[in-house]
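S.K.: The structure that follows is given in the form of structure tokens.
The values are calculated or read from the model by the stated rules, or taken from the named source; none is laboratory data. All of these numbers come straight from a predicted model, not from anything done at the bench. Reconstructed Cβ throughout: ideal geometry from the backbone, glycine too, with neighbour counts over all protein chains shown.
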Amino acid sequence: MTEVWFVAVAVLGALIVLTLVRLLIGPTAPDRVVALDTVNTLTVASMIVLSVAYKQTVFVDVAIVYALLSFVGTLYIAKYLGGEMSA
Amino acid sequence: MMQELLLQNLPALLLAVPMLGAFVTPLIGRASGGARNLWAVAVMLATLAVAVLLTAQVLSSGTVVYTFGAAAPDLTVPADSGGIPIRIIFAVDAMGAFMALAASLVGLGVMLYSLASATRSTGQNGYYALLLLLVVGILGMVCTGDMFNFFVFLEINSLAGAALVASRVDKGVAVEAGLKYAVLSTLGGLLVLFAIALLYGQYGALNIAVIASRMLFTPLDQIALVMLLVALAMKAGAVPMHFWTPDAYSMAPSSITALLVVASQASLYGVFRVVFTLYGLTLDYATIGWIIIILGVLSMFVGVTMAIPQKDVKRLMAYHAVSQTGYMLLGVGVGLAVLGNQQLLDTYGVIAMEGGIFHIINHAMYKGLLFLTAGAIFYRTGTRNLNQLGGLGHSMKWTMVFFIIGALAIAGIPPFNGFASKLMIYESVFLFNPLLAIIAMVVSILTLASFVKVFHSIFMGPRLPEYADVREVPAPMIIGMALLSLLVILFGVFPQEVVDLLITPAAGALIDQGGYIASVLGGA
Amino acid sequence: MKNLVIGATVLILSLGILYAGVGLEFGAPPFTDMDDYFVSHGQEQTGGNNIVTDIVFDFRGFDTLGEATVLFTAVLGAGLAFRKRREDEDYEYE
Amino acid sequence: MNMSKIVRSAANLLFPFILVFGFYIVLHGHLTPGGGFQGGAVIATGFVLMFVAYSYDFITGRIGAESLHTTETIGLVLFIVTALVAIVFGVTFFTNWMLDVGPVLNNPVAFGPNPGDLNTAGFIPVMNLAVGIEVLGALSVIVLYMLSGTKEEI
Amino acid sequence: MIADTIIMVCLGIGLLFNALGVLGILRFPDVYTRLHAETKTTTFGTIFISLAVIVYGAARVMEGETGTYLTLSVHTFVALLALAFTNATGAHAIARAAHRSGQVPKPAVVDRLQEVRE
Amino acid sequence: MLDAYTLQTGTGFWDPVVWIVVFLVAFLIALAIWLLGEKEYPRDTQAVKPFLSGNVEPEKADVHMRAGNLYWGFTEAMKGYYSRLVPLHTGVLNDYVLWFLGVMALVFVIVGVAA
Amino acid sequence: MIELVVHAAVLVGLICAALLVIHFRDLLSAAIAFGIFSFLLSLEFYILQAPDVAIAEAGIGAGLTTAIFIVAIRGTRRMEEVKE
Amino acid sequence: MIAFLVTALFAYLVYLVLTAGSGTIGLWSQAELIAGGGISLVVAAISRKFFCRTGEYRMANPLRWVLLVAYAAVPFFIEMARANIDVAYRVITGKIRPGIVKLSTGLETDFGVLLLANSITLTPGTLTVGVDEETNDLYVHMINIGMGTETKESFEPDDVFALFQFPEWIRRIAE
Amino acid sequence: MFFNLPFIVAALLVILGITTMLIKRNLIKMIMGLALVEAGVNLLLVSIGYRAGGIAPIFTSAPDGVMVMPTVQAMTLTNIVIGIATTALLLSFVMVIYRMYGTANAEKVRKLRG
């Protein structure tokens, strides 16, 4: 049973590496932000799965922190791109 | 009872007092500026008192060991840990106490001086807090016996220094200097941490004594050694990594520059601590010793020659600071190069080291004094350009006297303190390698020449019309400068007292690696 | 010329640092006595279940104080850099 | 400038949630992963979320840099004083004195793997709280300072 | 083991949708369509992965394990909620920023927002 | 008694007290000579007016030597040295980092070869 | 074995993200790449059984570092200058 | 004052959810309950001005929360699944016909708009791009616009949602 | 060799960081390089403390097994916070410099030289 979780994480890791291609080819900043969001979601998924794989239930807190906070970075980029940053 | 508790906890108080003082300084300053000044001076005085008491304790009873979080300060090794210390340990030996004393003395002088010199600028709350934090960084670096703790205080030192350098924005130029200083010190700090990680990966400990007792000098240790050595030498301002020094020293407020000199000396202390105590007997003396000597000679020569064509007075003095750092590196490097040979060590090695270490405190005093006089001149005239200055001897008599004292001391003219330490370096280095001693003397002559130029162009000559209404600086600045010049003269007139009291134990503490380990690990 | 120097520097440092990376042994640290002590005694000496927090606040609490001080320093420095200054305060560097 | 209405409403809803979660991490530092820094950073990010959702002027009208700075100082002083009190008891700086004298935080602990209990661990929860307050103040005020630097005149 | 089967199925669906999402952001022609792929599919996939974990935790609680698996399930659920909520809002913010920064939807047949802005 | 103040440098020594005594004696001698001359100095006469080669001395402000003029000869003589050294201080942050890391690489090589 | 694959995937991603940080001339893109780098670093900490560090890196790397980089880019300019 | 209480209550509930399973009083231990109280007071003091910015307390009604959960569990989830299959289909085939259209919602409250916008973003082929601050109309990017419909000035909910009427549901929840 | 992967990656990150600091002229990019170095050092520290098959050093509902080394994690935590403080301070400086000089190019930020 443990193996299943690890296989899932391995697949998610491969997907993360694949997403980096979009980060590389762009072509514009919003496209790259899309890659950022995708990596964020995949990371949260990996963390949730890994906490089960390691049988350490307290690890899930990290995933919550991620899910909550990566949003802030996205918002900053969006605000900058939209030309709405203070000044 | 209370007294006993305080005496027992001196090493902790040495850090806790200025830290607590720094934390509440901005709060007090928001209420009232006068109260803040009073508070800052009081905190600095208390720190000095603790430092003096601590030094007395160290001199009377040997290395003072303080374990953070243990039931008793000297309980370094818990009963069931298998003979290893597990907590952070402060191990203040004579060298550390000596540096702490120097730092708090200069800190007090700078603090008094700042009372007047900082009044014109905005942002004084942050200024005083950062000044105390810089002192905290220096004191922590010189007292700690733990590698990671050393790194943390190195960072405090760097960041507080950079923030202070940048504090007077000066149309961005000061910030440029602060940025350069901060980037280089952060990179250096990270490499130091890399080295600490390598040491931890091999020996599973952070305590200097434990690492030293387990040291095998594997290739990884050599990598760590190079990183520590070069990064700390860079922080100390050795040529050819000195480029940040003139920038930062010249753009910082003068009072801060005097303290930045001591901060650099603390990094130098780090070099010595790493080389002697951490690696000690396992080291390849000749190679490392010669590396340090070459760095020292380069620093001396390049520093002084670069100083001569400068026209900004503080930049000129900053290059001299580089040059004087070379003397210390030279002295201690010679001591290191002969560390393996007991006979040569007795003949001249120890003397060379004593000279180098004595030069540290002397340099802190007179260079601090010189920067303070430069600041006094800037305070009244608003310029630091030597080509514009002139004739100030008529109106700023006290400043001129202090400047003369500082200039003669840095040039190694008797009876000021620079002479005593330089003499020790010359004579011992001459036995080691005559060429090095000759270079050192030439550099000394050039230093004198350079300061004659500064003296002439600032103070000599007729009273210039643009400085007709220049007056003497306010009393707190004079008191700050007088404190330092008194020390300069005292150290110059009674050199043997100082050497016997402070320097010999300090040099002995550096050389005696086994004693250090034994005092921390309890004879293990 | 300069590119050559940069290249040589990076090359040598790479060799050194990579050597450090290869030289250490992953997964089996040689000396673990201090950490073993923390793991086996930390809970009874501090009462905390999370050994890392025990170390951060108790065994190595002084580091934490220093690090909080670093944060305080950075705040003061940024505050000084962005403070409102008077017009006549800046000195023209020539 | 404000961001769009949707983002603002979402930020309003998320803000108390992030705060609660941050304090949860701070207080459970001795039981679960986390502690003063991590929780403080989470809370500070909550403040930073507010800075981005609303305009700079709107935010400075409600959350002043001065008050955040004071918060930071309070945390630091609480931290160092908690550590210094140990000296009074005849033990050294940073000794966990509350383990012996504290009225609340000295619950007996189970050793080995256990589910954990909030009121244990002596002064570690207090330290966590102090550092959490310090970090939340410091990190949010530093972002606020930097945002003030993007305005046209300082 | 009915729980195991459910977990396997949920994991499979989740991974499939995540993979489709990544494929989508690689294949689609412009930023808005990529956002479609990103927001919907990866969120949906992660919801299913989380469901698998929640089911696992619930199954362990049913088997009479300690309360920590309850914590696992609850916290995973909180993470799930937070993720769905922030992803949706974040996607909106990016789309709005992209539009404000002047990116037109490329093969678009109509753009009412652009008309309003002009 | 004097031993307490004597700085022993291993091969030599320096005694500040002796030095101060010698200095004071020299100072007193100089003072005496000066006082001797002072007595016969013709104050308030034409004789004290300074002349340069028979011409009247120019205003003092005009002859004030600025710092840039000092040691002109020295820097001129060492031109080859300074023209190489001064441009090294470029002020570019990258170069500062390069010097730092370059020295580190050099020391790596030295220590590596020596070991 | 499978753990090693997970490890390798994350580390390869880490290196790629670091290379991209260096590669982009557009500082905004570099900041985005840095955000991804932060995520992956945190995941690596998580895999190395350091959840405390992972939370710290998550809280600081995901939100704050990106935020301050963006603010700094707003305070300066977006594009790296091309060398003449 | 009422804002403070509502926020504190919300914070306390969140804290209880986070610490579920810690002890014996219900699911919680005594210390957690007390600490949660303190935290919720602090959080309320900080965030009440933001959390209750609109000055409306409709959402304090528990019935609406039950409705929200029901909405999220049934219509929303089904639409979401449908959306994903739709997107999956388009990912594989590449058949798209995108465009940005205006959708008049008729919603009044901020929370309602937020809920609808997020629902739209997560459901069939649609993505909220912009919002009209005055009239609460949404600008929606659709991945596949029906042939001929792009000439419409403003879309009605009927044109976007096939199975369930989201705006109706949300009106019941939030207004 | 292959199992040293985290160490090698950490070393590579340090190298990439210092390379960035050497070849990039933009000040913000240099600070990003500094952050990369910091990340590399953090990774090195954490991987030093890893023990094969270890579990996290947290006793709350921990499974059986040897625990990884906690000290390095505490050190890394400290270093992360120091890193963010440094980065924020440096970026503030860069912003002030840009405001005063109109450029963030290291080759033009050189009023202090010689």
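S.K.: Evaluate the following for A:V17: is it facing chain G (nearest Cβ under 9 Å), in contact with a Cys (Cβ under 8 Å, 6 or more places away or on another chain) and free of Cβ contacts under 8 Å to residues at least 12 places away in the same chain?
M.R.: For A:V17, the condition - facing chain G (nearest Cβ under 9 Å), in contact with a Cys (Cβ under 8 Å, 6 or more places away or on another chain) and free of Cβ contacts under 8 Å to residues at least 12 places away in the same chain - is met.
S.K.: Continuing with the same structure: When you scan the range B:276-334, how many residues do you find that are closer than 18 Å to F:I110 by Cα, of a type in the set (G, A, S) and in contact with a Gly (Cβ under 7 Å, 6 or more places away or on another chain)?
M.R.: Within the range B:276-334, residues that are closer than 18 Å to F:I110 by Cα, of a type in the set (G, A, S) and in contact with a Gly (Cβ under 7 Å, 6 or more places away or on another chain) number 3.
S.K.: Looking at (1) over 16 Å from H:G99 (Cα atoms); (2) modelled with pLDDT under 75; (3) touching a Pro at 6+ places or on another chain (Cβ under 7 Å); (4) not acidic (D, E), can you tell me which one H:I143 breaks?
M.R.: For H:I143, the failing item is (1).
S.K.: Next question. For I:R51, are the conditions met, namely being within 9 Å of chain B (Cβ to nearest Cβ) and charged (D, E, K, R)?
M.R.: no
S.K.: Within the range B:151-263, considering only helices (runs of 4 or more DSSP H) that don't extend past its boundaries, which have at least 2 residues that are at the interface with chain I (Cβ under 8 Å from one of its Cβ atoms) and over 17 Å from the mean Cα position of the chain (by Cα)?
M.R.: Filter on the range B:151-263 gives B:173-203, B:244-251.
S.K.: Let me ask something else about it. May I ask you to verify whether E:V22 is more than 9 Å from chain H (Cβ to nearest Cβ) and in contact with a Ser or Thr (Cβ under 9 Å, 6 or more places away or on another chain)?
M.R.: Considered against the rule, which asks whether it is more than 9 Å from chain H (Cβ to nearest Cβ) and in contact with a Ser or Thr (Cβ under 9 Å, 6 or more places away or on another chain), E:V22 comes out as yes.
S.K.: Still on this structure, I have one more. Restricting to helices (runs of 4 or more DSSP H) lying wholly in the range D:1-120: which have 1 or more residues that are facing chain C (nearest Cβ under 10 Å) and at pLDDT 85 or above?
M.R.: Filter on the range D:1-120 gives D:36-53, D:65-88.
S.K.: Let me ask you something else. What helices (runs of 4 or more DSSP H) lie completely within the range E:19-118 and have 2 or more residues being at pLDDT 80 or above and surrounded by fewer than 24 Cβ atoms within 10 Å (Cβ to Cβ)?
M.R.: Result: E:43-62, E:68-100.
S.K.: Another one. Which residue is modelled with the highest pLDDT, if the candidates are limited to the range H:46-75 and must be of a type in the set (A, V, I, L, M) and touching a helix residue (DSSP H, G or I) at 6+ places or on another chain (Cβ under 7 Å)?
M.R.: Filtering first and then ranking leaves H:I46.
S.K.: Another question, if that's okay. Scan I:M67, I:M30 and give me the residue that is facing chain B (nearest Cβ under 10 Å) and either in contact with a Lys or Arg (Cβ under 9 Å, 6 or more places away or on another chain) or closer than 26 Å to C:T46 by Cβ (or both).
M.R.: I:M30
S.K.: Now for a separate question. Answer yes if at least one residue in the range B:363-378 is at pLDDT 85 or above, touching a Gly at 6+ places or on another chain (Cβ under 6 Å), farther than 30 Å from B:P462 by Cβ and buried (at least 24 other Cβ atoms within 10 Å of the Cβ), and no otherwise.
M.R.: Checked against the condition, which is being at pLDDT 85 or above, touching a Gly at 6+ places or on another chain (Cβ under 6 Å), farther than 30 Å from B:P462 by Cβ and buried (at least 24 other Cβ atoms within 10 Å of the Cβ), the range B:363-378 yields no hits at all.
S.K.: For the range C:11-36, give me each residue that is closer than 16 Å to I:G54 by Cβ and either in contact (Cβ under 8 Å) with a residue 40 or more places away in the chain or among the hydroxyl-bearing types (S, T, Y) (or both).
M.R.: Passing the criteria: only C:T32.
S.K.: Does B:L446 satisfy the criteria of being under 16 Å from B:G109 (Cα atoms) and within 13 Å of chain F (Cβ to nearest Cβ)?
M.R.: no
S.K.: Looking at (1) farther than 21 Å from D:Y24 by Cβ; (2) out of contact with any Leu (no Cβ under 6 Å at 6 or more places or on another chain); (3) buried (at least 24 other Cβ atoms within 10 Å of the Cβ), which is the one condition that is false for A:P27?
M.R.: Status for A:P27: all satisfied but (3).
S.K.: Checking the condition under 19 Å from F:V111 (Cβ atoms) and surrounded by 24 or more Cβ atoms within 10 Å (Cβ to Cβ), which residue from B:A224, B:A182, B:A163 passes?
M.R.: B:A224
S.K.: So how many residues does the range A:33-85 have that are out of contact with any Ser or Thr (no Cβ under 8 Å at 6 or more places or on another chain) and among the acidic types (D, E)?
M.R.: Going through the range A:33-85 one residue at a time, the tally reaches 1.
S.K.: Scan the range B:118-146 for residues that are in a helix (DSSP H, G or I) and surrounded by fewer than 24 Cβ atoms within 10 Å (Cβ to Cβ) and jot them down.
M.R.: B:Q124, B:N125
S.K.: So H:T135 fits all but one of (1) closer than 22 Å to E:P105 by Cβ; (2) not in a helix (DSSP H, G or I); what number is the exception?
M.R.: With respect to (1) closer than 22 Å to E:P105 by Cβ; (2) not in a helix (DSSP H, G or I), H:T135 is out only on (1).
S.K.: Still on this model: Assess whether A:A35 counts as being under 22 Å from G:D26 (Cβ atoms), touching a helix residue (DSSP H, G or I) at 6+ places or on another chain (Cβ under 9 Å) and either among the small types (G, A, S) or outside any helix (DSSP H, G or I) (or both).
M.R.: yes
S.K.: Can you go through B:I489, B:I458, B:I478 and tell me which one is under 28 Å from B:K397 (Cβ atoms), touching a Leu at 6+ places or on another chain (Cβ under 8 Å) and assigned to a helix (DSSP H, G or I)?
M.R.: Going through B:I489, B:I458, B:I478 in turn, the sole match is B:I458.
S.K.: Give the number of residues within the range A:44-60 that are among the hydrophobic types (A, V, I, L, M, F, W, C), more than 7 Å from chain E (Cβ to nearest Cβ) and under 14 Å from the mean Cα position of the chain (by Cα).
M.R.: 1
S.K.: Now for a different question. What about A:A63, is it free of Cβ contacts under 8 Å to residues at least 24 places away in the same chain, out of contact with any His (no Cβ under 7 Å at 6 or more places or on another chain) and within 7 Å of chain G (Cβ to nearest Cβ)?
M.R.: No.
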